[in-house]
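One structure is given below, encoded as structure tokens.
The values are calculated or read from the model by the stated rules, or taken from the named source; none is laboratory data. Note that the coordinates shown come from a computational prediction; the quantities given were computed from them, not determined experimentally. As a convention, Cβ positions derive from the backbone with ideal geometry for all residues, glycine included, and neighbour counts pool all protein chains shown.
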């Protein structure tokens, strides 16, 4: 009797277990757990692997290949998504060893990119924020032929080991070969006659060659400028985010001519007076003075003025105290202990001869274009009275941007292209008709008005500004006593190297002496 009861109980338990197993199989549990699948995508649709599937896109288009033309570099955004209704594990790889003279790898940045893992990475189920991984893959093709890199994906459950098979390889971190910063910018620069609108996205992110005729203080020169709303010109400098205006041929103040990188702080260091002197303190009037050589803002930014009781070299020395702010010699408390220049940054900055030419006529298309400003800045037309003559240049470490820097940084847009913007006076860039000019200019800042170097050559206290509305003007400055924002600008030494980064805001170039 006991034996019969035991056999009956065992039969019931066995039947219950078998029913549960059958239901699990029908529900797909064991069909997930019993295998992992490796598929190499050969078309533009998601591949179903049993009850698991994946979706792979390259630059947001269904694809499994990376194609790079000969002797060029390209960065791709590769997105691997989990469209399944449960957590799954994925491994992402390339097929076949990289060819000789081809370098590739992943770049980590602020888009939440994952690091490839030998056993794969888990992705949450479809519809969740963590159901995709983004990889930024950079490829340098230094061969004479176009290359295509095939990608593969291995799929399994969240606890499966997805170690790769033979001939499949994980992307490793892209290691930047230390390169002279000037040469890197120049080598990647676009031809002057390349139309921005027809350039590729990668090309639009690089610098542009620009030729200039001779001026009163300079020979005919070629520079390399970044243009557009957000080019890849970010650098990590002084522990902060700065941006490359371009590569310029400069005089270091001793007659030595060399090409150097010009950079500007991404954010301002605050609002201060350009120079709020009165007659009693050295100005020709009570409205300030527009001679950069002895300007109070110059003394704040540059070394050698530590003996000044107010503002002297505080930014250069990461100091704190009082700075000139407001009108009529007014001051305010200022603290540059965190935003001032540190020793590593100061060691990268070279002495530079900055041109201080002024302008008086700048409101029409015949005299207010970016090209005109370039000539004014490097000219010898300065404020001159019976008692005072402005300097045409000064040698120093830290300056400001020029109006021409702002003008040349535009790419234009769909309504007014770059050529139209460069043929429109900067004085009128605030017009609605030409909003494409300022809105596609990375130096434009709608939150505040920015000081520039350039002064009005007919009035002793006017200094030009880039307004928050987008124009270059001096009226409504009323005088040089008003406070506008300061974005320090420097020329780096010619031997500075780029040792990491790709110039994006998330992965800025890292510099080294």
Handout entry: Subset tally (residues that are over 20 Å from residue 265 (Cα atoms) and out of contact with any helix residue (DSSP H, G or I) (no Cβ under 9 Å at 6 or more places or on another chain)) for segment 300-327
Key = 9
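Condition test on residue 213, is it modelled with pLDDT of 95 or more, within 30 Å of residue 389 (Cα to Cα) and either surrounded by fewer than 22 Cβ atoms within 10 Å (Cβ to Cβ) or not assigned by TED's automatic domain parsing to the domain that holds residue 180 (or both)? Show your work before the answer.
Values: modelled with pLDDT of 95 or more: yes; within 30 Å of residue 389 (Cα to Cα): yes; either surrounded by fewer than 22 Cβ atoms within 10 Å (Cβ to Cβ) or not assigned by TED's automatic domain parsing to the domain that holds residue 180 (or both): yes.
In short, yes.
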Handout entry: Failed item, numbered, when residue 83 is tested on (1) at pLDDT 90 or above; (2) closer than 30 Å to residue 177 by Cβ
Key = (2)
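Tell me, which residue of segment 170-211 that is outside any loop (DSSP other than H, G, I, E, B) and in contact with a helix residue (DSSP H, G or I) (Cβ under 6 Å, 6 or more places away or on another chain) is farthest from residue 253 (Cα to Cα)?
Filtering segment 170-211 for residues outside any loop (DSSP other than H, G, I, E, B) gives 173, 179-188, 190, 196-198, 201-204, 207-211.
When the remaining residues are screened for being in contact with a helix residue (DSSP H, G or I) (Cβ under 6 Å, 6 or more places away or on another chain), the result is 190, 196, 207.
Numbers: 190: 30, 196: 35, 207: 26 Å.
Filtering first and then ranking leaves 196.
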Handout entry: segment 472-490 - residue that is modelled with pLDDT of 95 or more and not in a strand (DSSP E or B) and, of those, farthest from residue 350 (Cα to Cα)
Key = 486
Exercise for the section: Scan segment 342-377 for residues that are under 30 Å from the mean Cα position of the chain (by Cα), in a loop (DSSP other than H, G, I, E, B) and either modelled with pLDDT under 95 or under 17 Å from residue 496 (Cα atoms) (or both) and report the count. Expected result: 5
Exercise for the section: Within segment 147-157, identify whether any single residue is within 17 Å of residue 54 (Cβ to Cβ) and part of a loop (DSSP other than H, G, I, E, B), and answer yes or no. Expected result: no
Problem - Candidate set from segment 275-299 (those that are modelled with pLDDT of 95 or more and touching a helix residue (DSSP H, G or I) at 6+ places or on another chain (Cβ under 8 Å)); member that is farthest from residue 396 (Cα to Cα) - result: 292
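Checking the conditions here, which among 379, 407 is in contact with a helix residue (DSSP H, G or I) (Cβ under 8 Å, 6 or more places away or on another chain) and in the same structural domain as residue 218 (by TED's automatic domain parsing)? Break it down into steps so the answer makes sense when it comes.
Values: 379 fails: in contact with a helix residue (DSSP H, G or I) (Cβ under 8 Å, 6 or more places away or on another chain).
Matching residue, one of 379, 407: 407.
Hand me the list of strands (runs of 3 or more DSSP E) wholly inside segment 232-327 holding 3 or more residues that are touching a strand residue (DSSP E or B) at 6+ places or on another chain (Cβ under 9 Å) and free of Cβ contacts under 8 Å to residues at least 24 places away in the same chain.
Working: elements: 234-237, 240-251, 257-265, 271-273, 320-324.
The qualifying strands (runs of 3 or more DSSP E) are 320-324.
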